[in-house]
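The values are calculated or read from the model by the stated rules, or taken from the named source; none is laboratory data. Being a predicted model, the structure only gives us computed values, none of them experimental. Every residue, glycine among them, receives a Cβ derived from its backbone with ideal geometry; neighbour counts consider all protein chains shown.
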Amino acid sequence: MDSHRRDFRPERIVLRRTAIVAIACVSMVYGARALAAQTVASAADPTSHDIRPGYGVTETRWLSDYLPALANTAGDTPIYLMRGDMEGGTLLLFGGTHGNEIAGVMAATLMVERGTVSQGTVIVIPHANNSAAQRNDGARHSGTPQWFELTTASGEARRFRYGSRLTAVGDQDPDPEVFVHPLGGEIAGSEARNLNRNHPGKANGTLTEQISYALFQLAAKESVDVVIDMHESSVTSRLAHMVVCHPRAMEVGAMAVLDLEMDGIALKQEVSQQEFRGLSHREFGDHTDALAFLVETPNPGQEDSIEEPDVVNDPEAPLSGRVHTHLRAVKAILDSYGFTVPADGKIEIGFPFSLDALKGSDLGTFLR
Ligand SMILES: [Zn+2]
């Protein structure tokens, strides 16, 4: 026994030493990997948001599925596919082109969480420019918050980001002196970071151009029939309460505006101007087969004369009312579109509550 022990001892010591060295090496490798992963995560992972897909969502993708160069950049963003049981047309619905225009973001979020599609396909992107959604850079209105909070029916306080209008400064090359759109027109250099001045984008361009390009790839690949881009403007802006339509979409837009008017929602209609390039309603209409629309609601957070805006509970323009306008406009556009296509081309969406119930409500009680 003793001799055995003696014989074995050195071996066991060697084994132990080997094991300790091996464990140390493994943990060093894993430690280094974890550190590398952390570094990558903080530098390049797209910002994530509290979005809880509901019964209507049949698949989740990333914008980078349509332009791989966007993977691991601040511009990547989740895409929610909602396929109905019946064949039909396809709607691309997005908010967050401008990250501070939160009614569009929340209308898209509510569609993902509670909406359903009975016919056709709806592709929803709540944060079209996820770089702009990272934080509020204060450039548009210093009195606006970084976050806003909505309380659900169960009493949970959910937090949502109040983002910026433009792609974050550090996410692409410094702004040029003058931004020249490839299709014409010269505007302020900072507009190089404005997603709604960069359409139809460029595959190897700036981050903003790449985000746009991926949206156009998506529209082509998924044979999108209708595009609706949800925005907000200042309360006193000419744009507030407006549907901007591509020339090909004017007829459907006019029917939708009439439908909304009968429901007590007054939206003005305007046609895309030929001379302004890079805007979604113009370029999706020109470069894809889709009918393109842009809807604007008034956001007190974009109004310079309001020093401390309440972006959720403003008595004149509460968030719930603005989200109601967006979703009612989407419904009206789809209904009008349905009159212009064969029965198997319609797009039908629904909610487990009347959209009118949103008016004057606590928006959070409609979320999950
Ligand atoms: Zn906007």
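Looking only at residues in segment 107-150 that are in a helix (DSSP H, G or I) and small (G, A, S), the one that is farthest from V57 (Cα to Cα) is A107. Which one is nearest to L195 (Cα to Cα) among residues in segment 141-159 that are surrounded by 14 or more Cβ atoms within 10 Å (Cβ to Cβ) and out of contact with any Leu (no Cβ under 7 Å at 6 or more places or on another chain)? Applying the filter and picking the extreme gives H141.
Scanning segment 193-205 for residues that are more than 16 Å from the ligand (Cβ to nearest atom) and surrounded by 20 or more Cβ atoms within 10 Å (Cβ to Cβ), we see that the one that is farthest from E275 (Cα to Cα) is G201.
Just wondering, is there one or more residues in segment 151-162 that are within 13 Å of the ligand (Cβ to nearest atom), of a type in the set (A, V, I, L, M), assigned by TED's automatic domain parsing to the domain that holds P200 and in a loop (DSSP other than H, G, I, E, B)? No, segment 151-162 has no match at all. When you check E251 against the structure, is it in contact with a helix residue (DSSP H, G or I) (Cβ under 9 Å, 6 or more places away or on another chain), part of a helix (DSSP H, G or I) and surrounded by fewer than 17 Cβ atoms within 10 Å (Cβ to Cβ), yes or no? Yes: the conditions hold for E251.
Here D335, D310, D304, D263 are screened, and the one residue that is of a type in the set (D, E), surrounded by fewer than 21 Cβ atoms within 10 Å (Cβ to Cβ) and without any contact (Cβ under 8 Å) to a residue 24 or more places away in the chain is D310.
Summed over segment 226-239, residues that are under 12 Å from E270 (Cβ atoms) and hydrophobic (A, V, I, L, M, F, W, C) total 1.
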